[in-house]
Amino acid sequence: MDRVKIGVVGLGGIFRIAHLPAYTEVEEAQLTALCDISEDALKRAERNVKRLYRDRAERAEKDGRPDLAERLRRDLEGINLYKD
């Protein structure tokens, strides 16, 4: 299956509340880059992304979906952060 690589510019509330949770649920989506001019927003997004992807991977393991858990862990390792 081909996946769509996604880079996000602007990591405010809409990203955190709506977009970020959806990326972990859509198998075809692969979040690859995060960018914001605010160092604080970038750090907050990094923490949120790590927590969400790890939590969802743990849940997938418990639900008997090791393939999904592995995909989420791989995806997390491949996310790059950019300021500017």
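Return the sequence-ordered ³J(HN,Hα) values of segment 9-16 in whole Hz as given by the Karplus equation 6.51 cos²θ - 1.76 cosθ + 1.60 applied to θ = phi - 60°, using x for Gly and Pro.
Result, rounded to whole Hz: 10, x, 10, x, x, 5, 4, 5.
In debye, nearest 20, what is the charge dipole magnitude of the chain about its Cα centre with +1 on Lys and Arg Cβ and -1 on Asp and Glu Cβ, if you could check?
Using only the charged Cβ atoms, the result is roughly 240 debye.
Check ILE6: other-chain or 5+ apart residues with amide H under 5 Å from its amide H, H built from backbone geometry?
GLN30, LEU31, THR32, ALA33
What are the residues whose amide H is under 5 Å from the amide H of LEU81, where those residues sit 5 or more places off or on another chain and H is modelled from the backbone?
LEU34
Can you give the extra length, in nm with one decimal, that the chain gains between ALA18 and GLU39 once fully stretched, where that is 0.36 nm per residue apart less the Cα-Cα distance?
Details: separation 21, 0.36 × 21 = 7.56 nm, distance 2.09 nm.
Value of the extension gain: 5.5 nm.
Summing Lys, Arg as +1 and Asp, Glu as -1, what charge do residues with Cβ under 12 Å from the Cβ of ASP84 carry, ASP84 excluded?
-1
Which value in deg cm²/dmol, rounded to the nearest 500, describes the helix-derived mean residue ellipticity at 222 nm for the chain, given -39,500 (n - 2.57) per DSSP H run of n ≥ 4 and division by the residue count?
About -16000 deg cm²/dmol.
Tell me, what ³J(HN,Hα) does each residue in segment 60-74 have, in order and in whole Hz, if you take phi through Karplus 6.51 cos²θ - 1.76 cosθ + 1.60 with θ = phi - 60° and put x for Gly and Pro?
So the J values, rounded to whole Hz, are 4, 4, 5, 7, x, 10, x, 5, 5, 4, 5, 4, 5, 5, 5.
When the convex hull of the C-alpha atoms of the chain is computed, what volume per residue in Å³ does it have?
Value for the chain: 79 Å³ per residue.
So how do GLU39, GLU70 line up by other beta-carbon neighbours within 10 Å, fewest first?
So the residues, fewest neighbours to most, are GLU39, GLU70.
Laboratory data are not the source of any read-out in this text; all were calculated from the coordinates shown. Not measured: the values here are computed from a predicted model. Every residue, glycine as well, gets a Cβ built from its backbone with ideal geometry; the counts of neighbours run over all protein chains shown.
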